[in-house]
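Reviewing the structure listed below.
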Amino acid sequence: MSTTLKPEPAAQSETIEEALVALQGGDNCELPVLPEVAAQLLKLTGDVDCNIGDVVLLIKRDQSMTGHLLRIANSLRYNTGVTVSSVQQAAARLGLLTIREIVILISCKCRIFDVPGFESHVRRSFRHSLTTAAFAQEVARARRTNVEEAFLTGLLHDVGRPILFQALADRRRTHGLEATETEMLHAAGEARISFAAKLIDQWELSERVSEAVLYQLSPLDAPACSTQAASLNLAMDLADGLLNPKNAPRSVDEPHPMLEALSLYPEQFSTIQKNSNQILEWVDSSI
């Protein structure tokens, strides 16, 4: 008696285009969540009457967060000339807005810029994001606008890239995604902006940050925050020029197109550029 074997069902598979459509529709694309302490800290410091003692107690509950915060607080960019040895000291010397800034930086590094299999690409993205954040702050200082908001805009402008690295890697296992690494890198680069904005909205950060990130490549089209988007665009280009020396910096005869939109004079732009070495040293010490 012969036994008829039933053929196994064909393995499920999808193309990179199908995967992107599914992810953009929310299918199995879980955005990274803020660590509990970071989420509570954002809510706490959102109150103008926030008590600094409550912030210190909250951070001290997370030993890993505390260690990261003290290391960054003593880095070149934040160092006040005196070594900070406690969260209380860090909060007193740097202020709550800077503590918020550092906590979000730590959360991004631990929760987003950590994708097995894409380490070198993620490191490159994180390095560019930190550099962009630092330059965005310098632009904000020159224009006397919100420095913390500028930092967050720069830091988060490319978070969609590692989010998509992880999501596409997951779909290789769960949906039979058939795509080369090159195709995945290209897809993440193409779709990164909308996913960055989704994360910013999920983390309940400023709507201005979200809009600036969405319009980072066409800042003058931003409905309400064109100057913030223009600042980000300028900071991105400054970061790219610093991290990729082959990209020749613009000459005086070829000013950056965002300078006019931001009402920045050439001497202000030169002052921002003069901080390049200090920014690079800080970025490399923070990765």
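The single condition among (1) under 30 Å from Ser270 (Cα atoms); (2) in contact (Cβ under 8 Å) with a residue 40 or more places away in the chain; (3) within 13 Å of the chain's Cα centre (by Cα) that Ile193 does not satisfy is (2).
Quick one: how many residues across region 185-223 are outside any helix (DSSP H, G or I), at pLDDT 95 or above and open to solvent by 30 Å² or more (accessible area, probe 1.4 Å)? Walk me through how you get there before you give the answer.
So in region 185-223, the residues outside any helix (DSSP H, G or I) come out as 203-206, 215-218, 222-223.
Narrowing the set further to residues that are at pLDDT 95 or above leaves 215-218, 222-223.
Right, trim to open to solvent by 30 Å² or more (accessible area, probe 1.4 Å) and you get 215, 217-218, 223.
Matching residues across region 185-223 total 4.
Hey, among Glu119, Glu149, Glu138, Glu101, which residue is under 23 Å from Asp240 (Cα atoms) and surrounded by fewer than 16 Cβ atoms within 10 Å (Cβ to Cβ)? Walk me through it before giving the result.
On the way: Glu149 fails: surrounded by fewer than 16 Cβ atoms within 10 Å (Cβ to Cβ); Glu138 fails: surrounded by fewer than 16 Cβ atoms within 10 Å (Cβ to Cβ); Glu101 fails: surrounded by fewer than 16 Cβ atoms within 10 Å (Cβ to Cβ).
Result of the check over Glu119, Glu149, Glu138, Glu101: Glu119.
The residues of region 264-287 that are β-branched (Val, Ile, Thr) and open to solvent by 40 Å² or more (accessible area, probe 1.4 Å), listed by number, are Thr271, Ile287. Would you confirm, using the coordinates I've provided, whether Ala92 is in a helix (DSSP H, G or I), open to solvent by less than 70 Å² (accessible area, probe 1.4 Å) and not acidic (Asp, Glu)? The answer is no for Ala92. Scan region 51-89 for residues that are part of a helix (DSSP H, G or I) and β-branched (Val, Ile, Thr) and the total you get is 7.
Can you tell me which residue within region 170-184, out of those that are of a type outside the set (Val, Ile, Thr), part of a helix (DSSP H, G or I) and farther than 12 Å from Leu23 by Cα, is most open to solvent (accessible area, probe 1.4 Å)? Taking the candidates together, the pick is Arg173.
Search region 34-50 for residues being assigned to a helix (DSSP H, G or I) and not polar (S, T, N, Q), and hand back the single one that is surrounded by the fewest Cβ atoms within 10 Å (Cβ to Cβ). This residue is Lys43. Scan Arg111, Arg123 and give me the residue that is in contact with a Phe, Trp or Tyr (Cβ under 8 Å, 6 or more places away or on another chain), over 29 Å from Leu259 (Cα atoms) and of a type in the set (Lys, Arg). Criteria check complete, one pass: Arg123.
The values are calculated or read from the model by the stated rules, or taken from the named source; none is laboratory data. What you see is a predicted model; the values in this text were computed from it and never measured. Quick reminder, even Gly has a Cβ in these numbers, built from the backbone with ideal geometry, and neighbours come from all protein chains shown. Calculation scope for accessible area: heavy atoms of the full protein, side chains included, ligands and nucleic acids excluded. Shrake-Rupley method; radii C 1.70, N 1.55, O 1.52, S 1.80 Å.
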